[in-house]
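No value in this document is a laboratory result; all are computed from the given coordinates. Small disclaimer: the values here were computed from a predicted structure and weren't measured. Neighbour counts run over all protein chains shown; Cβ positions are idealised from the backbone, glycine included.
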Amino acid sequence: MTRAAAWRRVAAVVAAVLVVDQITKAIVRDDIVRGDSIEVLPFLDLVYVRNDGIAFGALGGSWLVVVLVSAAVVGIVWLFAAHATRRLAWLSTGLLLGGALGNVVDRVRDGFVTDFLKLPHWPAFNVADVAITVGVLSLIFVLDERRGR
């Protein structure tokens with residue numbers, strides 16, 4: 001795959017993650033009252049949580065959140081630029097950037113991130129967080145030197 005094609009695929013994944021993330025968060029903000037819990041499955045509830053920090057609410061309300069998120073986005077773009085032709089690097093990068101940008105949109109617009117998926121004994125999270133997690137795990141796989149190009 002050419003570098004240009006890889007960047008186009010990254011853009012498509014970023015757009016898809018952003019759309020799904022923002023639509024689901026809007027539905028939650030409109031239809032779930034903060035503090036309510038709706039059981040979807042025995043192990044999954046829908047809730048409405050406002051998170052002003054990063055992972056699990058850490059550094060809530062701090063300017064350090066902006067610095068860390070900005071550094072992460074720059075690092076992801078740099079890493080992809082260096083490995084754009086690796087198989088599936090576009091997918092990992094698109095998931096990571098789409099997830100990061102989905103949460104940035106919330107922070108800029110609302111001052112907090114909307115979280116709504118709740119597993120037992122785990123903090124609430126959202127579609128952007130799922131994309132980031134899958135993106136990190138797949139990036140480890142993509143960058144594994146034993147797999148080559």
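Add +1 for every Lys or Arg and -1 for every Asp or Glu among the other residues with Cβ under 14 Å from the Cβ of Val127, and state the total.
Net of charged neighbours comes to -1.
Report, to two decimal places, the Cα Rg of the stretch 3-147 normalised by 2.2 N^0.38 Å (N = number of residues).
Numbers: Rg = 15.9 Å, N = 145, 2.2 N^0.38 = 14.6 Å.
Rounded to two decimals, the normalised Rg is 1.09.
Between Asp110 and Ala81, with labels modelled 7 Å along Cα→Cβ, what's the label distance in nm to one decimal, could you check?
About 3.3 nm, to one decimal.
Which net charge results when you count Lys and Arg as +1 and Asp and Glu as -1 among the other residues whose beta-carbon is under 12 Å from that of Ser37?
Overall, the nearby charge balance is -1.
If we count every other residue with Cβ under 15 angstrom of Trp78's Cβ, Lys/Arg +1 and Asp/Glu -1, where does the sum land?
+2
How do the peptides 2-11, 108-117 rank, highest first, by the average count of neighbouring beta carbon atoms within 10 Å per residue?
Values: 2-11: 14.9, 108-117: 17.3.
Ranking the peptides 2-11, 108-117 by packing returns 108-117, 2-11.
Efficiency by 1/(1 + (r/R0)^6): what FRET value for Trp7 and Leu143, r their Cβ-Cβ distance, R0 = 22 Å, to the nearest 0.05? Don't jump to the answer; show the numbers that get you there.
Values: r = 18 Å, r/R0 = 0.81.
Efficiency for this residue pair is about 0.80.
What's the ranking of 121-131, 25-35 by average number of surrounding C-beta atoms within 10 Å, highest first?
On the way: 121-131: 18.9, 25-35: 13.2.
Order by mean packing, descending: 121-131, 25-35.
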